[in-house]
Amino acid sequence: MQSLNQTPSLILSTLSGLLLIVIFPQYNLEFLAWFALVPLLFAIQNQPLITVTLRSFFTGMIFYFFSLNWITNTLVNYGNIPVSLSFIILALLAAYLSFYFSLFCVLTTKLSRGKPVYFFLLAPLVWTSLEYLRSTHMTFGFSWMGLGYSQFQTLAIIQPAEITGVYGVSALIVLVNAGLHFSLNTWIFSPKGHDGWKMSYRVIGLTTLVVGLWFGWGNWALELTKSKIETSPKIRVALAQGNIKQHLKWNKLYQKKIMEVYKELTLQGAKKKPELIVWPEAATPFYFSLDPNGTKYVQDLARTSDVPLLFGSPYKKQIAGKELFYNRAFLISNQGKTIDVYDKMHLVPFGEFVPFRQALFFIEKIVEIIGDFGLGKQATVFKLNNHQLGVSICYEIIFPDLVRQPVKNGAEYLVNITNDAWFGKSAASFQHISMAALRAVENRVPIVRAANTGISGFIDATGEIRQKTSLFKRVMIVDEITPNKGPRTFYSKFGDVFSYLCFALTGIITILAYRF
């Protein structure tokens, strides 16, 4: 096959980068995902590996640098980092993520040995394998901007994630892109009747078959899940979005005012008789259970409202003579008694700990508490009113394998508490909640999400987001959810089997490409 040497490669690489940006929130032009990679695939076609590396890296840099530019706001406003340094940090993160982009293009090109059919077959497998790898590292994993998340609003497409996880949606998108590239290249550059035309029809046929089966399965699963939601018992939950400004949160002069905000919202929500009221991450401006006055205030509020409260609060304890802080979620009864707690298990680099502290001594943590945070040890399953629930804190919700743990152990619904004030009015809050939609589908449980400054809301087991709040608004929302007491999904029980299968198939097809 020939390549589009007449078209400047820079334009093609840039075009793919721009298309990838707009398929995610806030643009939400998700339909463009199905051909966003095609320009890049033309740009790297029949090129030396060094050229493939550079062109794909450039595409990745455009995509990640502009999609994640909200990071500079966080670093400058809350990390006291100079603007110039914040952009350097953003560029380094974008470069790290773009490395996977380049690795995808180089590996697919190398392993397919210049054979277009094998390139088509390998592309979705290699992409999925790499996306899984960059998302799952317990310390530095970063699932943000995974390709499958772009489809969170197309409910029929994301339903099969209950088996494949979000990675299956990513694989489908790349399969379509690779199929379009193969066929377009043949139809443009090969004479009509050439053998390549027959193969292109087979490729299109296979791609269409896979998409059709996927979409059919998704529609069936969507209707089945909706039916279960409509006919199953429901519980009422209230979410308090306090909209507390970050720079006031730990100012002792505002402590009383902050608690008055949550008291007002809680009593407002209690009038609708919910079974649970949820406050955001680190909602209390003190250490609950360690600060006597603050603790009593919250306990009294639970008794007055006569509703159990779930909320985030910092906690600290001495371990081997060292003071460790924890980002903790507390569940207390309507009598103010602590039912159980959950300590955050996946910490935010530079937010809750500084990696490589000796080398990066000049970077302070963003969180306004001295000292690094300790790691939680287990995914607590809370028991409340004959139901079981699991909790994730902040960006833990973006890690599929972590979120499935409490569901596997019996949780019937999930609660995500977060701050998100760090993000300002950027796309980050919209990106954040979009990823939560995939967790609901993967585990077939509803998710209730309380964010300090937004976006709060309720997510059905179909992935549909309801009652989304506006950013930086003080509000209490109440709605009904349907806890799932039925069987666990394949994904909840077994995890990333689909991703492991992609690894295996990559090896098998590579062997075939070398032999035939």
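Looking only at residues in segment 434-461 that are in contact (Cβ under 8 Å) with a residue 60 or more places away in the chain and among the basic types (Lys, Arg), the one that is surrounded by the most Cβ atoms within 10 Å (Cβ to Cβ) is Arg449. Filtering segment 467-516 to residues that are more than 30 Å from Lys245 (Cα to Cα) and hydroxyl-bearing (Ser, Thr, Tyr) leaves Thr482, Thr489, Tyr491, Ser492, Ser499, Tyr500, Thr506, Thr510, Tyr514. Scanning segment 400-411 for residues that are assigned to a helix (DSSP H, G or I) and either surrounded by fewer than 24 Cβ atoms within 10 Å (Cβ to Cβ) or out of contact with any Phe, Trp or Tyr (no Cβ under 7 Å at 6 or more places or on another chain) (or both) yields Pro400, Asp401, Leu402, Val403, Gln405, Pro406, Val407, Lys408. Evaluating His247 against the criteria (1) in a helix (DSSP H, G or I); (2) over 26 Å from Tyr395 (Cα atoms) leaves one unmet condition, (2). Applying a threshold of 8 Å to beta carbon distances and a minimum spacing of six or more residues, or different chains, the list of pairs starting in segment 328-346 at a residue that is assigned by TED's automatic domain parsing to the domain that holds Ile417 and of a type in the set (S, T, N, Q) and ending at one that is part of a strand (DSSP E or B) and at pLDDT 95 or above reads Ser333/Ile339; Thr338/Phe330; Thr338/Leu331; Thr338/Ile332.
Across segment 380-410, the qualifying residues are those that are of a type in the set (Ser, Thr, Tyr) and under 17 Å from the mean Cα position of the chain (by Cα), and the one among them that is modelled with the lowest pLDDT is Tyr395. For Asn46, the conditions (1) part of a helix (DSSP H, G or I); (2) surrounded by fewer than 20 Cβ atoms within 10 Å (Cβ to Cβ) are fulfilled apart from (1). Taking the conditions (1) in contact (Cβ under 8 Å) with a residue 24 or more places away in the chain; (2) surrounded by 21 or more Cβ atoms within 10 Å (Cβ to Cβ) in turn, Ser200 satisfies each one other than (1). The sole residue among Gln159, Gln151 that is buried (at least 24 other Cβ atoms within 10 Å of the Cβ) and either more than 18 Å from Gly212 (Cβ to Cβ) or within 13 Å of the chain's Cα centre (by Cα) (or both) is Gln151. Each residue in segment 99-139 was checked for being closer than 15 Å to Gly60 by Cβ and over 18 Å from the mean Cα position of the chain (by Cα), and 10 pass. Is it true that some residue in segment 349-358 is at pLDDT 70 or above and in contact with a Ser or Thr (Cβ under 8 Å, 6 or more places away or on another chain)? No, there is no match, as no residue in segment 349-358 is at pLDDT 70 or above and in contact with a Ser or Thr (Cβ under 8 Å, 6 or more places away or on another chain).
Please verify whether Asn219 is surrounded by 13 or more Cβ atoms within 10 Å (Cβ to Cβ) and under 29 Å from the mean Cα position of the chain (by Cα), treating the condition exactly as stated. Criteria met by Asn219.
Looking only at residues in segment 462-478 that are in contact (Cβ under 8 Å) with a residue 60 or more places away in the chain and surrounded by fewer than 18 Cβ atoms within 10 Å (Cβ to Cβ), the one that is nearest to Ala238 (Cα to Cα) is Val475. Being buried (at least 19 other Cβ atoms within 10 Å of the Cβ) and within 15 Å of Glu480 (Cα to Cα) is a condition met by at least one residue of segment 251-270.
The values are calculated or read from the model by the stated rules, or taken from the named source; none is laboratory data. Everything quoted here is computed from the prediction, not taken from an experiment. Note that we place each Cβ from the backbone using ideal geometry, even for glycine, and neighbour counts take in every protein chain shown.
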